[in-house]
Amino acid sequence: MRQDDIEETVAESGYRQIRADIIFGRLAPGQKLKLENLKGTYETSVSTLREILNRLTSEGLVVAEGQRGFEVAGVSVADLREIAALRLLLEEHALEQSFEQGDVEWEAQLVSAHYKLARMEKVMASGDTAQAEDWKRYDWEFHQALIAACGSRLLMETHSAVFDKYLRYQMVALSYRGGVAEEEHKQLLEAALQRDSKTAKTILQRHIEGGVEHALGRGLLSTPAKQAK
């Protein structure tokens with residue numbers, strides 16, 4: 001393998017790790033990202049880290065502060081509401097297209113994704129939050145499965161990026177709504193298998209709005225962010 005290829009692989013790996021750490025709250029909103037400290041944690045060079053953080057800045061997950069360096073993007077109530085509204089807009093459109101074009105393979109993948117999510121929701125309902133990241137990963141997989149047959153890679157990628165920002169808020173607030181969310185996921189599955197996009201959209205809107213209000217009810221986003229993208 002050429003040196004350039006090795007460096008590219010290291011950079012991509014570091015990017016994925018730092019991005020995941022931001023989304024899952026291991027790097028907290030507003031936390032300073034000092035290159036010298038991160039160098040040891042992520043086993044990469046300062047120059048590579050700078051490239052990674054600039055890339056994450058373009059995604060709105062990191063804020064560049066001129067000569068002062070970088071910090072994790074802040075959070076705010078207004079930002080959460082905007083992200084949720086955009087997620088709903090994208091997911092409703094993709095969901096309708098997916099229901100029209102989905103085949104038996106799509107149905108099977110959707111059922112499988114829901115099964116894994118439902119199992120993890122039972123774990124969360126027991127009060128065990130140690131597997132919260134797995135719970136949210138399966139939640140992401142289920143919602144991606146719902147729209148997987150939409151026929152547009154760009155739409156899928158855009159939705160995924162917005163969903164990740166929404167997910168970050170849920171991890172900050174550790175917002176689990178229990179049986180309400182479980183039932184909504186079950187209803188979304190049933191509507192998908194029946195190709196009932198009208199019902200699914202109604203459920204999805206209630207699902208997302210309920211998630212936002214539950215997260216806000218925990219009072220962890222009451223302080224406006226210095227800069228929330």
Result of the Cβ filter at 6 Å on the range 53-69, keeping first residues that are within 15 Å of Ala28 (Cα to Cα) and partners that are polar (S, T, N, Q), at least 6 apart or interchain, is Val63/Gln227
Flagged in the range 173-196 as more than 17 Å from Trp135 (Cα to Cα), in contact (Cβ under 8 Å) with a residue 12 or more places away in the chain and open to solvent by 30 Å² or more (accessible area, probe 1.4 Å), in numbering order, are Gln187, Leu193, Arg195, Asp196
Restricting to the range 154-183, name every residue that is modelled with pLDDT of 85 or more and over 19 Å from Ala20 (Cα atoms). Leu154, Leu155, Gly179, Val180, Ala181, Glu182, Glu183
Some residue of the range 44-57 being in contact with a Cys (Cβ under 7 Å, 6 or more places away or on another chain) and not basic (Lys, Arg): no
For the range 94-114, enumerate the residues that are among the hydrophobic types (A, V, I, L, M, F, W, C) and either touching a helix residue (DSSP H, G or I) at 6+ places or on another chain (Cβ under 8 Å) or more than 16 Å from Leu189 (Cβ to Cβ) (or both). Ala94, Leu95, Phe99, Trp106, Leu110, Val111, Ala113
Restrict the check to the range 109-119 and report whether at least one residue is basic (Lys, Arg) and open to solvent by less than 10 Å² (accessible area, probe 1.4 Å). no
Residue tally, condition open to solvent by 40 Å² or more (accessible area, probe 1.4 Å), closer than 19 Å to Phe24 by Cα, in a helix (DSSP H, G or I) and without any contact (Cβ under 8 Å) to a residue 60 or more places away in the chain, over the range 124-135: 1
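The values are calculated or read from the model by the stated rules, or taken from the named source; none is laboratory data. Everything quoted here is computed from the prediction, not taken from an experiment. Cβ atoms come from the backbone with ideal geometry, glycine included; neighbour counts cover every protein chain shown. Ligands, DNA and RNA are excluded from the accessible area calculation, which covers all protein heavy atoms including side chains. Shrake-Rupley method; radii C 1.70, N 1.55, O 1.52, S 1.80 Å.
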